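The values are calculated or read from the model by the stated rules, or taken from the named source; none is laboratory data. Everything numeric here is computed off the predicted structure, so don't read it as measured data. Note that we place each Cβ from the backbone using ideal geometry, even for glycine, and neighbour counts take in every protein chain shown. Note: areas computed on protein heavy atoms with side chains; ligands, DNA, RNA excluded. Shrake-Rupley method; radii C 1.70, N 1.55, O 1.52, S 1.80 Å.
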Amino acid sequence: MSKADLSKQPAQVAAMFDQVSTRYDRTNNVLSVGNAALWRVATTRAVAPRAGETILDVAAGTGTSSASLARNGASVVAADFSAGMIDVGRQRQSGNPFIRFVQADAMDLPFDDDTFDAVTISFGLRNIVDPKKALAEFFRVVKPGGRVVVCEFSQPPLAPVRAGYSAYLKFGMPMLARVASSNPAAYEYLMESIQAWPDQRALAGWMREAGFERVAYRNLTAGIVALHRGFKPERQAAPVAPVEPVAATPAVNAQPEAPAEKPAAPTKPKAAPKPKAAATKAKPAAAKPAAAKPAAAKPAAPKPAAAKPTTPKPAAPKPKRSTSAGSASRPASAGPAGSEESASTIPSEGE
């Protein structure tokens, strides 16, 4: 009787499963104390197969899990690298038109990119030489938006459960395997591989590294088994959508800029040298009293009285010209500030 070791050489693992294929399902039911059926139901619900979908069941074995997935009308490709398992599965599922068996290596799947609506594997990822490479293959063959579900033995989080489970693996399971299995030695490898397998968080981290998003897991049977699920990101055909607001921002800024230019247009006040022209029209002698006004500021208003030419009323526009220029400059600065605020709010809404 062959037994694989933790090096998990594909030839050894395949030969081991070939030898246990005929009594594999019964042995699983015995060793799991009837929980295997419950784990299968939970996995099927996590995959949530729908009629018309195409699902890849990796390490499908004899197709028991595939039959559960195909019950609602989904087409299931049952893949396994054990020829013995596939032979038994084809015999047992021969009357099921929704299941097709394929011999395949999980690290090098013979399928095109973006082929399946969902990919699932139950108690098989642990037996693969490079599980991270297998997860990368699952990511490759699942469609954008599709899901991947992994059901695998794990590490119970509670210490009492962990201690009891470890005792069962060492003493209880080998005894039951001798009674139920055609290759009891193979289940020594089962115990070793379970104890060496990482915990739930580590597997979730591997799935994220492979590219899956919204990765989550749920413990079954106090954490003896964990159900992981992740989704392949949708193809971002809408990266153009974020570009639209960017293209729109110049247009939004352009609207405030137009009014901002209007205050700048008051270069007319600068053309207000008209008052100067008025001053020049006044007799040049009268212009001298205007210059004398600064000096007249020292004596008192007598000289302005002498320079009665109230015609300097055009000089009154001078303060108007200065105030209008000041007020025009202020709105000009306020205009862009307002546009910047509105532009800043647009990106924040986009974020």
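Per atom type, region 54-132 shows carbon and sulfur on 45% of its accessible surface, probed at 1.4 Å. In the full protein context, region 133-189 carries 41 Å² of accessible surface per residue, based on a 1.4 Å probe and ignoring ligands, DNA and RNA. Label zone of Asn96 (point 7 Å out along Cα→Cβ, amide N under 19 Å): in region 12-47 this covers 21-30, 35-47. Arg218 contributes about 130 Å² of solvent-accessible surface, heavy atoms of the protein only, 1.4 Å probe. Electrostatic bookkeeping for Arg235 treats Lys and Arg as +1 and Asp and Glu as -1; over the other residues with beta carbon under 15 Å from its beta carbon, the sum is -2.
Among residues other than Val30 whose Cβ falls under 12 Å from its Cβ, what is the net charge (Lys/Arg +1, Asp/Glu -1)?
Neighbourhood net charge equals +2.
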